[in-house]
Structure formats: C-alpha cells, structure tokens
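Here's the structure we're looking at; comments come further down.
The values are calculated or read from the model by the stated rules, or taken from the named source; none is laboratory data. Worth saying up front: this structure is predicted, and the values here are computed from it rather than measured. Here the Cβ positions follow ideal geometry from the backbone for every residue, glycine too, while neighbour counts run over all protein chains shown. These accessible areas exclude ligands, DNA and RNA; they are computed on the full protein's heavy atoms, side chains included. Shrake-Rupley method; radii C 1.70, N 1.55, O 1.52, S 1.80 Å.
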Amino acid sequence: MNELSKVYNPEEVEEKWYKFWDENGYFKPGQQSRHPNFSVVIPPPNITGSLHMGHALNTTLQDIIVRWKRMSGYNTLWLPGTDHAGIATQNVVERQLVSEGSSRKEYGRKGFVEKVWEWREHYGRTIIYQLKRLGGSCDWSMERFTMDEGMSKAVREVFVRLYEEALIYQGNYIINWCPRCMTALSDLEVEHENIQGKLYQLTYKLTDGSGSLIVATTRPETILGDTAVAVHPDDKRYSSFIGKSVIIPVVGREIPVIADSVVDMEFGTGALKITPAHDPNDFEVGNRHGLPKIKVMSDDGRMNEAAGVYSGMDRFECRKALLSELSSRGELVKEDNHLHAVGHCYRCKTIIEPNVSKQWFVRVKPLAEPAIKAVEDGRVTIIPKGWENTYFEWMNNIKDWCISRQIWWGHQIPAWHCKACGEVTVDREDPSACKHCGSSDIKQDEDVLDTWFSSALWPFSTLGWPENTEELKRFYPTSVLVTGFDILFFWVARMMMMGIKFMGDVPFREVCIHALVRDAEGQKMSKSKGNVIDPLVIMGKYGTDALRFTLASMSSPGRDIKLAEERIEGNRNFANKLWNASRFIMMNSEVLEGTTALNPGTLTLPDKWILSRMNKTIAEVTGMLGEYRFDLASGTIYSFFWHEFCDWYVEFAKLQLGEGGQRKESTVAVLLRVLDNSLRLLHPFMPFITEEIYQHIKGSSVMISGYPVVEEVLRYNEAGKQMDYVMDVIKTVRSMRSEMNIPPSKVMDIHLKSSDDTLIKLLEENLIYVKRLSWAGNIVQGKDMKRPEKSAISVFSGGEIYLPLEGVIDLEKEKKTLEKRLGDMNTEIENINSKLSNNAFLVKAPAAVVQKEKERCQELIEQKKRIEANLSWLG
C-alpha cells in the first residue's frame, strides 16, 4: 500500500489514468462475453463543436451510467462518434476561405468538399479529445462519423427503400428558406424570436369604385406577390365584399376577395392579404382556392423580375421603398407597433423567408404511427414521463419532413434526373443510364440530405447495418438514450421512426431527458452576455471530478441547472475530503499486513453502525441510478461519506485506534471496508481521484472492480437505532455549548436524566464516545436526577441533559451579552414587521425580496427563542 501525496493534484492524475484505461482495453465490451449486454450510443457532437457545458452534462450522465453498468457486470458498449453537421460545417469552412481571399465557388463542388474533408482531419476531432478529457469511457475503436463509408451506405439504402415505397417524394411546396445559407430548413431548424415590428394598414380599392378594404400586414414587400384578399365567411363587416375584386396598391393588379375560415377576425382589420408564394398559411389558402403563386423574391433575399421596378433590391430595402410610395399615394393608412415571432436560421441567425421551391420530402405519417404506439404500449419509456405528452403532441401533428438542403457538404441525394424523358432514377449504385428510357444524359441531384437524416439512423447504422453484423445482433436495440429535451424532435423522434421501420424494433428501451445548463441566475449562457462558464477552464482550475460531481448533483428531472462556480469549488473540497480521509486511513493501515477481513466478534457499536449505514447507502444509490436520479445518488454518497463517515465514524475510529492491539486492527479493517466501498460507489461520478486512491490501496483498477452490493451479514439495524441515541446526546451537548459560546477546550460535566434502563446501559457502554466527542469531564446518569442549580437544560430523544454552568463561564457577563443580542434582535424584528405591514413595500418590492425578508424574520424569531432559553438557564 503506497502512501498518497499530501495534496491531490488532478493534472498529475487525469491524463495518466485515462491513457491506462484506454490502453488496457477497459472501455471495450467482451466479444464472447456471456454477461448481459448494455449499450448506449452517444448523441454525436458536431465536428465544428468545442466542449460546452451542455456536452459536459450529457457526457457526464452517460459516463456515470456506463461505468456503473460495467462495474455491475454488464457487457457494456458506449459507442462514440461525430456528426458532419452540414450547414454548420460548410459555414465554418466558407468563412475560412473568405479569410484566405478565396470562396466556395472558386473551388467548385468537388474541390470544396475536398477542402471540408481536409478541415475535418485537422480540426474535426477537437471535440473527441475534449470528451476524453472529461473522462468519457467510450469504446474508441468503434468510433463512427456520419459520412464515413459504412454510414454512407446505410443512408443510401434507407433513401432508396423509402423512395421505392413512395415514402420519399419530390414536390413543389412552401418551405423555410435561409437567404444567407441559401438552403431549405425544416420547421425544427427555425428559431422564433419575438421582435418589435410594425403592423401596416393598407388601402385596397374595389374595382367597381364602390369603396375599399383596409388590409393589415407585417410584410408590405410581399404585396407584390398578392393574389387575393381573404375575409372570414362569418364576418358581417365584409359579407358584401366577397366575390368582388380589388386593386393591389402601387402594383395596380386586380385580385379577388375570397372567404376563408383561416382568417382571424380579431387580428388587424379582419381582412388578410394572400401571398401563396411567400407565406405557409397563404400557400394552403391558395391551394384551396386555386390561386396562382407569384414569387417576387430570389433565393438570395433580393426582389426578382416579378417585383417590377423593385427588382434587384434587398427585401428590407424594398419594404422601405414601398412604404414611402404607399405613403405618398395616400394608401398607407397607419402603422402600429407590433410584437411578433419572427423565424431565424438556427445556424446563421438570418431572418428566414417562406419560399416555394421543389424539394425532397419524407412522407412521415406512416412512420410516425408505429413510433407513437411504441411509447403508448411501453416498449420505449421516456423519463421524466411528462415529456411523453410533448412527444405525442408533436408526433400526432407531424408534417412531412423536408430533407433536401441546397449546400455541398453532406450526403448528396442519390437521385439522377434524365434530360431526355424528365424522369428520376434512384438506385443503390450510381447509374450510367436512365432506368426509364435508357438515355445516358442524366445528372445527379445537386442537393444534399438534411444532417438529421443520417443522424436518425445512428443507433443501427453505427453497428454495421445494412449488414447483419455481430455487433448489431448483440447491441441493438440499445439500452438507453441520454439527451437534452431540445433535440427530442430533431433526433429522438426520427430515430424512433427509422429504427422501427428498418430494424423492426425500437432503437432504445429508455430515453432519459435532461435539462439545460444555465448560469447562476437561470439565464441561457451566451458569449454576447459574457456569462459562459467554460468546462475546459473549470476542469483546469478545479479538476474534472469536481465538475462531473457538480453537474450530476444538480441534474434534477424537469429543472434547469443554475450553475455557479462556487458549487464546483465546493465539490473540489469534497474531493479533497476524500483524499485526506484516504490518507488518514492508509497511514493507520500498516497493522493489517494486507488483510481487510472483518471479525464480527470484535465490532463495536460505531463499527456496526457505519457498516449498516454503508449497506443502506449502497442499496439507495443503486436504486437511484436505476431511476436515473443522478442528483439523489450523488447527494446520498456525499452525505454518507462526509457527514456520517468522516464527521462521525472517523472521529469514533480515532478513539478506537488509540486503544491499539485487536481493537486497532478491527477498526482499520472497518475503515478500509468503508473506504473501498465508497471509492467504488463514487467511481462512476468521480473516476480519476477514485482510481488514484484505489490503485494506491489495492494495486488494481477500481474501474474493473465490482460495483458494491448489499451484504446481508452487515445489516446491523438495531445498531443504527442505538447509535442514533448516542449521537443525539453528543449533538445536543455540542449545540448547548455552541449556544453558550463554550469552546471545546473547556471541559465540563454532563448530567443525563433518563427513565429508560436500556438507554442508560447503552450510554454507559459507550461513554468514551460521548465524553470525548462532547468534550466532557464527568458524566452523571440517573433516573430521578434533579436539575443542578445554574445549569443549562435541553431535551434529547431519551430524556434531559443538564450542563452545570457555574465556574465554566462568567454568568453575569454572558447574561449581559445575551440581553444585548436579544435587544438588537427585537429591534430588527420590529423593523422587518414594519416593512411587511407596509402595502407600498409589498407592491413595489420584487417578490424575491419580500420572501427574503419573511425568511429573515422567521430566522430571527427562532434565534430569539434560543436566547430567551439561554437567559432562563442563567437565572
């Protein structure tokens, strides 16, 4: 058993042990193992990514589960990988080229894609190194990339099969379009932000000269593409207008007035301009009424030829110019401030533009129905269960999925268009001729697939599908998916649909949804706010284990993590506590000469108590991990090790070690047994420090030791109850001394009154602990004991405790001190009550401030009671 250094230094330990685990193959599952299988696939981070607190939380929680299951005897696979992140990666590389004085177009498609692959080789694995730094125990020999050869084969197979079953189709539809990225976006890739805009009211004159309609719009530049004005069929204000025609202001084109129930009679004027080519709701109205679709914008957000004199203008420049013209013509009735949700591209934050174009879609309804049923019948459990309702709501109202993107980096759609006959050929291999007419004049579709298309296949494509590999047979379905709620629909729902469709089974049995990591005030972390906590900096400052333990301890279901650096610092202190306790135990363990066997016949009451508490902690933590209650599990370990083992048992043990001989040997055996189990309990949460200590004690890796199990022989339930009495006496005496400001150096007598003979006998047998830990001189016990004069009194669970004060403290001086404190306290209570009875304060002050005042008042009242009790003792 090697001695630990005086101070724990994470930098000296972490890299060393991670390399040791990896090189010894501890992260890999056994190929011929007969143990039950357990598998997890990592949510693949983008290759553009750098570790942030969201990654740190997700990786930590997965690693806790994986290490726990591995130690519990499961044949465990944690499969890692990265996502090619189409739009994000293309944007990064394009910016790099611009900084070099070049551009994507200069390279051409083939050259640009080669450039992206080069970038990926140089920078795309940064996130992997950072996940390793965090301690992620993935099987790196199984690492996958969404555009590697095997994944590409799977993507193509899925596309072809879905196309053959008419579940993939191409059609003209209105989609979300990013004019900056020049690509389509799915609904999930659009971030809506409330923006203070304007609601403009415009005059549309009736062609018969009988009057006009006032139409409200937030986007006047789109009037150039109007093809109707709609009113609600039940709106009596406009019933006489239906069937008539109006003239579009400025444009001068005649359009019909139609009736449609989509119109909100309460919004604006109740008359709605219909622009089918530039609004998704208008698109549907246009289809119902057979209206033409006039596109007035190009894909780059500039007005096109159909915009007439405004052609070539940026869409927002056009808005200004049109408003000026409308105003000069007297057709701009008024404009009001209007707060409304505006869609932005999730990558570049540009305001998106609804755009009618030809895109590829997945017909989702037939795929969604089995995925809904899988959750309904319990084949997949979503934890916390409340997220199931959100899942059902989205899946039941799901729309066809636009899967084509107008970029170059990604899986190019395996469809070839024939110039001769106009048909499309979709095949597993690149065709040389059109399947329909035999012409060789064919060209591959230039679009690539949505990044989430390949990600949706992740649980089975990473295991070798479409080949029926041994890994696929052994580890699919995976056991649990750990992910944030923000990608429940982006990814989780789509994996459900694809897994059931192509594997005939769900992709995972459980989905563990965790919350987001925010700053200490609950605000989203962002560089612009300057409130980002960098996990790499934190790991360098406090050690990886402290960060991991903090994230786990704060991971409560349904509650975002409000992360403050002070919490991490506190858990660094916990790591130091573990280190120092281990050093103490190892310094006293030379007497055992290698054996740690317990001798039941030599165990004291504190020995039995701590062994029983250890057993209970093992049972509780194992149960909590099974329910993914990382917060409760880590809190239980923390409380046991610090507050029960270190604060109490180690203090009892010091007395027992001082006796020497067999008592010392027995005590060291107990200390080592508890430390051994504590290290193994803690290892999934704090892998590095536990490995370092365990290696010093055992000379082997804690990672491949078994996770602690309950030992029936150590269920000393009665000892737990008895120890509660002993500890209650000690705590009560300590509390009394603290109230009277009596330092530990001042030895004083204790009088214990109890009518319980069993309790008196118990305390007599354990007086050494009571005496030493409550800094007592003589301890007097009795049934009919009278309270000594000038003594403090308190009640404990078995009777009363008296502390004679005369000669111990200056009674008169203490009395004056307490009376002054009581006076100050009464003044503060009066001031707070005055505030709380003031309606102006209650109305103007923030709720948190009012609550804080109430809590302070209650705290003072409790302190006041204790001071009054102390004064009564002094007579």
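Brief remarks follow.
- Residue check for Ser152: crowded, with 17+ Cβ neighbours inside 10 Å, assigned to a loop (DSSP other than H, G, I, E, B), polar (S, T, N, Q) and at pLDDT 90 or above: no
- Residue within the range 326-347 that is touching a Phe, Trp or Tyr at 6+ places or on another chain (Cβ under 6 Å), open to solvent by less than 70 Å² (accessible area, probe 1.4 Å) and either touching a residue at least 40 places away in the same chain (Cβ under 8 Å) or not basic (Lys, Arg) (or both) present: no
- Selected residue (criterion: nearest to the chain's Cα centre (by Cα)) from residues of the range 820-840 that are farther than 15 Å from Ile861 by Cα and charged (D, E, K, R): Lys835
- For the range 490-519, a residue qualifies if it is farther than 19 Å from Val40 by Cβ, open to solvent by 40 Å² or more (accessible area, probe 1.4 Å) and either assigned to a helix (DSSP H, G or I) or touching a helix residue (DSSP H, G or I) at 6+ places or on another chain (Cβ under 8 Å) (or both), and the qualifying residues are Lys501, Leu516.
- Test: residue in the range 49-56 that is in a loop (DSSP other than H, G, I, E, B), surrounded by 22 or more Cβ atoms within 10 Å (Cβ to Cβ) and within 20 Å of the chain's Cα centre (by Cα): no
- The set of residues in the range 422-434 being open to solvent by 40 Å² or more (accessible area, probe 1.4 Å), farther than 18 Å from Glu157 by Cα and touching a strand residue (DSSP E or B) at 6+ places or on another chain (Cβ under 9 Å) consists of Glu423, Ser432.
- Every pair of residues 6+ apart whose Cβ atoms lie under 7 Å, when the first sits in the range 461-479 and is under 11 Å from Gly150 (Cβ atoms) while the second is β-branched (Val, Ile, Thr): Thr462/Val41; Leu463/Thr469
- Subset of the range 389-414 (residues that are open to solvent by less than 20 Å² (accessible area, probe 1.4 Å), more than 14 Å from Ala184 (Cα to Cα) and not in a loop (DSSP other than H, G, I, E, B)): Tyr391, Met395
- Among the residues making up the range 410-444, a single one is within 23 Å of Lys115 (Cα to Cα) and in contact with a Pro (Cβ under 8 Å, 6 or more places away or on another chain): Gln444.
- If you go through the range 789-846 and keep only what is of a type in the set (Ser, Thr, Tyr) and closer than 30 Å to Ala776 by Cβ, you end up with Ser791, Ser794, Ser797, Tyr802, Thr817.
- Picking from residues in the range 251-299 that are of a type in the set (Gly, Ala, Ser) and surrounded by fewer than 16 Cβ atoms within 10 Å (Cβ to Cβ), the one that is nearest to Tyr238 (Cα to Cα) is Ser261.
- For the range 82-114, the candidate set comprises residues that are among the β-branched types (Val, Ile, Thr) and in a helix (DSSP H, G or I); within that set, the residue that is most open to solvent (accessible area, probe 1.4 Å) is Val98.
- Boolean, Ile760 is surrounded by 15 or more Cβ atoms within 10 Å (Cβ to Cβ), in contact (Cβ under 8 Å) with a residue 24 or more places away in the chain and not aromatic (Phe, Trp, Tyr): no
- All conditions in (1) touching a residue at least 24 places away in the same chain (Cβ under 8 Å); (2) touching an Asp or Glu at 6+ places or on another chain (Cβ under 9 Å); (3) more than 30 Å from Ala85 (Cα to Cα) hold for Met313, with the sole exception of (1).
- Residue in the range 669-683 that is among the β-branched types (Val, Ile, Thr), open to solvent by less than 10 Å² (accessible area, probe 1.4 Å) and farther than 28 Å from Thr550 by Cβ present: yes
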